Amino acid sequence: MSQTLATEQRPLRVAIIGAGPSGFYAADALFRAKIPVVVDAFDRLPTPFGLLRGGVAPDHQQMKTVGKYYERVAATPGFSFWGNVKVGQDISVEELKRHYDVLIFSSGAETDRHLEIPGESLIGSNTATAFVGWYNGHPDYRDHPFDLTAEAVAIIGQGNVAIDVARILAKTPHELKDSDIADHAMQALAKTNIKDIYLIGRRGPVQSAFTELEIKELGELEDCDVIVNPKDMVLNAESQAELDDPTNNKARKNVAVLHEFSTRQPQGKKKRIHVLFFKSPIAMNGESHVTGLTLEHNHLEGPAGKQKAVASGETETLPCTLVFRSVGYRGVPIEGVPFDPKRGVFPNEAGRILDGVAPVPGMYCSGWIKRGPSGVLGTNKPDSAATIASVLEDVPNLKGCDVPDSEAVRAVLNSRQVQVVSFEDWKHLDAEEVRRGETVGKPREKFTRVEDVLSFLRSVLIEK
């Protein structure tokens, strides 16, 4: 006879796959529901917090204070962190279903969209994700090679990630000294030859995807001029209508900053950031390495709010040997979970994962793997809460798992020699990173290789 779930006799058992912001917000929403619940949060990395650790720019320390919030969630009775466990490899989705009533996938968007243009695979063509991971010390990208001897760099895309890449490339070592940038990146960036950085957008300033705070920072750099062509600030009627829309505060703020940049005279600083509008890349040039980027000029067509970039046929070639592509992100499939290859998400309705049109009982998603790569860290809070609302609505109809026991999961992982990292382990690691950072005047000095993390934690265990 099946037991009633979410009772003192039989707490709801939830596995969260992906212990980044959306995963922690999902856990928090479950605890706030005031039901008896056990939450085990799995992550393929041995460290928690996902994009907060591996994606937020190292010079944006204020944004990282939200980690204190996640730590409070982790301290809630009933929560456990299971780091260094790759679901779909170390343990299967079907195996998790034996031990949990609900699976919530919060695995993010781990890979980049492609431009689908000639030369995209040439040496020197990189994803912004790889560079962000590299300077943040993400283990996946720790040893990725970047040719920072390049004098000209093109960044394709004008979202906040593209701005982050431009800013980190443009900053002096002095400006980065108080950040938690990975040491290997700090040393490499200190020796860069970069002079010109091009931020390339296919539409105009009104349609720019970055935020005011991000673009404004570029104008405050110590040794870098920001250049905006005044002609690009002349708006067509439809763009002006978008700007005049009283609800479009973001565009007005962005355009005000860009207009001020367009009036500046270059001060002869060591580096220059060129913000280019109305241009689309159509080819990366070169035989084995990138030697240039061919851009096609665009104009806008369509009604206000729905304008599209239309190619004019006019082209130019930008000499550059290093390119970063920042045109969006995609989730990756996990064996045993339905996947929409076109959108790069788990197909869902209100967070319920769908197999065709029918929800898969007990399987849910939140964050970027649910809605696609949109919003900022805080956007994940209401998104995860909406998913948990669906979970709570479904609880009376859920079938309980066969073996409601986390220790049985641990036994499976132990048998496969998986070194599971707990939140207590993470606190030891966190303290060591902060200690190392203090010795060099930084907020922290990160471990950047998984094996180094696991080796350190094994040494802590021996000392105990």
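No lab work stands behind these numbers, since they all come straight from the coordinates. What you are looking at is a predicted structure, and each value in this text was computed from that prediction instead of being measured. With ideal geometry, Cβ positions are generated from the backbone for all residues, glycine too; neighbour counts draw on all protein chains shown.
Which of L461, L51 comes first, and how do the rest follow, when ranked by fewest Cβ neighbours within 10 Å?
Fewest to most other Cβ atoms nearby, the residues stand as L461, L51.
Output the antiparallel fraction of DSSP beta bridges having both residues in the chain, as a percent to the nearest 5.
Roughly 35 percent of the beta bridges in the chain run antiparallel, per DSSP.
Take the cross-link list K97/K446; K279/K370; K216/K270; K216/K342 and give me the ones stretching past 28 Å between alpha-carbons.
Those over the limit are K97/K446; K279/K370; K216/K342.
Net charge near K216: determine it from the other residues with C-beta under 12 Å of the C-beta of K216, scoring Lys and Arg +1 and Asp and Glu -1.
Around K216, the surrounding residues sum to -3.
Find, among the GluC sites (Glu not before Pro) in the stretch 1-96, those assigned to loop by DSSP (not H, G, I, E, B) with at most 15 other beta-carbon atoms within 10 angstrom.
Answer by residue number: E8.
Only loop residues by DSSP count here, and only those with at most 12 other Cβ atoms within 10 Å; note down the chymotrypsin sites (Phe, Trp or Tyr not before Pro) in the stretch 1-35 that meet that.
none
In the stretch 1-73, which trypsin sites (Lys or Arg not before Pro) are in a loop and have at most 15 other Cβ atoms within 10 Å, using DSSP for the loop call?
Those satisfying the criteria are K34.
Could you state the angle between the C-alpha long axis of helix 423-440 and the longest principal axis of the C-alpha atoms of the chain, as a value from 0 to 90 degrees rounded to the nearest 10?
Between helix and principal axis, roughly 40 degrees.
Could you work out the helix-only [θ] at 222 nm for the chain, with each DSSP H run of four or more residues adding -39,500 (n - 2.57) and the total divided by the number of residues, to the nearest 500 deg cm²/dmol?
Computed mean residue ellipticity for the chain: -9500 deg cm²/dmol.
Taking neighbour counts of Cβ atoms within 10 Å as a proxy for exposure, in what order, fewest first, do M284, M233 appear?
Final ranking by Cβ density, sparse to dense: M233, M284.
Can you give me the Cα centroid spacing of the stretch 250-313 and the stretch 152-204 in angstrom?
The stretch 250-313 and the stretch 152-204 have Cα centres spaced 17 Å from each other.
Considering only DSSP beta bridges whose two residues both sit in the stretch 114-327, what percent are antiparallel, to the nearest 5?
40
Please order K342, K370, K195 by the number of other Cβ within 10 Å, starting at the fewest.
Ascending Cβ contact count within 10 Å gives the list K342, K195, K370.
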